[in-house]
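The values are calculated or read from the model by the stated rules, or taken from the named source; none is laboratory data. If you're wondering where the values come from, they're calculated on a predicted model, not measured in any experiment. A quick note on method: Cβ atoms are made from the backbone with ideal geometry, for glycine too, and the neighbour counts reach across all protein chains shown.
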Amino acid sequence: MKTLLRIDSSLRLKNSYSRNAGDNFVRAWKEHNPGGSIRIREVGTSHIPHLEQDVLEKFYTAGDTSDHLKLSDQLIAELFGCDEILITLPMYNFGIPSSLKAYFDLVLRTGKTFRYDDDKAIGLLQNKKTYILSAMGELRSDIPNLVEMHLQQILNFIGIREIYYYSLDGTDDKESVKQQLNHQNELFMNILNK
Ligand SMILES: Cc1cc2nc3c(=O)[nH]c(=O)nc-3n(C[C@H](O)[C@H](O)[C@H](O)COP(=O)(O)O)c2cc1C
């Protein structure tokens, strides 16, 4: 039975388009994976500390067992312990939420989630299908989706290559959102059937 790790990062707990998309996606996922379980990692409203120099130094200390790395170890164990990953996020100031960046700063760790073979980085989290559901206020079909691009780089670096994207653009415009929401479940089904 599969386990889906759901990572939410909107500051809004209510009326969040990305969290609502996550709820709908999870419903569809459960239909596809009867008996599957969901684990939740709340990032948007819980305090994920910024990476600090003393923690960074411990990243490179083999065998270190201090408290410094507890959260980082826990986040990494969660990722290794799941079969699939769902990330929901808003665009904030042209990028991913700083809390989600802080999360990944604790997850990208040499010898744990990647290693170097000669000069080549090898990602160690393989075979984890990942779904990214993003929301942004503006309708910007003229430029690449910056949050998707950023997350793709991060995930590829740690070995995650099978990534499916859903983006709800133009959440500032109620009419545009309404139209997009009419197709949301259908798009999720298409993704899950891949
Ligand atoms: C602090 C902040 C910064 C934002 N920056 C952007 C932005 O750069 N580009 C954009 O299209 N929308 C921006 N938005 C709008 C959000 O992306 C939009 O409201 C989205 O629906 C938020 O996700 P949520 O509904 O899941 O909370 C910003 C919103 C906030 C609160």
Test Asp23 against the stated conditions and say whether it is touching a Lys or Arg at 6+ places or on another chain (Cβ under 7 Å), without any contact (Cβ under 8 Å) to a residue 12 or more places away in the chain and either within 14 Å of the ligand (Cβ to nearest atom) or not polar (S, T, N, Q) (or both).
-> no
Which condition number in (1) part of a helix (DSSP H, G or I); (2) surrounded by 13 or more Cβ atoms within 10 Å (Cβ to Cβ) is the one that Ala135 fails?
-> (1)
Output the residue which, of all residues in the range 67-86 that are in a helix (DSSP H, G or I) and touching a helix residue (DSSP H, G or I) at 6+ places or on another chain (Cβ under 7 Å), is farthest from Asn127 (Cα to Cα).
-> His68
Only one of Glu78, Glu31 is more than 16 Å from the ligand (Cβ to nearest atom) and within 20 Å of Ile158 (Cα to Cα); which?
-> Glu78
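For the range 169-179, state whether one or more residues are within 29 Å of Thr3 (Cβ to Cβ) and either crowded, with 17+ Cβ neighbours inside 10 Å or of a type in the set (A, V, I, L, M, F, W, C) (or both). Lay out the reasoning, then the answer.
First, the residues of the range 169-179 that are within 29 Å of Thr3 (Cβ to Cβ): none.
No; the residues of the range 169-179 include none that is within 29 Å of Thr3 (Cβ to Cβ) and either crowded, with 17+ Cβ neighbours inside 10 Å or of a type in the set (A, V, I, L, M, F, W, C) (or both).
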Go through (1) without any contact (Cβ under 8 Å) to a residue 24 or more places away in the chain; (2) under 24 Å from Ser16 (Cβ atoms); (3) among the aromatic types (Phe, Trp, Tyr) and name the single condition Phe94 misses.
-> (1)
What number of residues within the range 105-138 satisfy the criterion of being over 29 Å from Ser167 (Cα atoms) and of a type in the set (Phe, Trp, Tyr)?
-> 1
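Under the condition of being surrounded by 14 or more Cβ atoms within 10 Å (Cβ to Cβ) and assigned to a loop (DSSP other than H, G, I, E, B), which residue from the range 1-11 is nearest to the ligand (Cβ to nearest atom)? Write out each step before concluding.
Quick first cut of the range 1-11, residues surrounded by 14 or more Cβ atoms within 10 Å (Cβ to Cβ) only: 2-10.
Right, trim to assigned to a loop (DSSP other than H, G, I, E, B) and you get 2, 9-10.
On the way: Lys2: 25, Ser9: 8, Ser10: 4 Å.
Looking at the filtered set, the residue picked out is Ser10.
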Residues located in the range 96-120, provided they are assigned to a strand (DSSP E or B) and surrounded by 14 or more Cβ atoms within 10 Å (Cβ to Cβ) | Phe114
Within the range 165-194, the residues that are within 14 Å of Tyr131 (Cβ to Cβ) and part of a loop (DSSP other than H, G, I, E, B) are Asn193, Lys194
Which numbered condition Phe157 misses (of (1) at pLDDT below 95; (2) in contact with a Phe, Trp or Tyr (Cβ under 9 Å, 6 or more places away or on another chain); (3) surrounded by fewer than 17 Cβ atoms within 10 Å (Cβ to Cβ)) = (1)
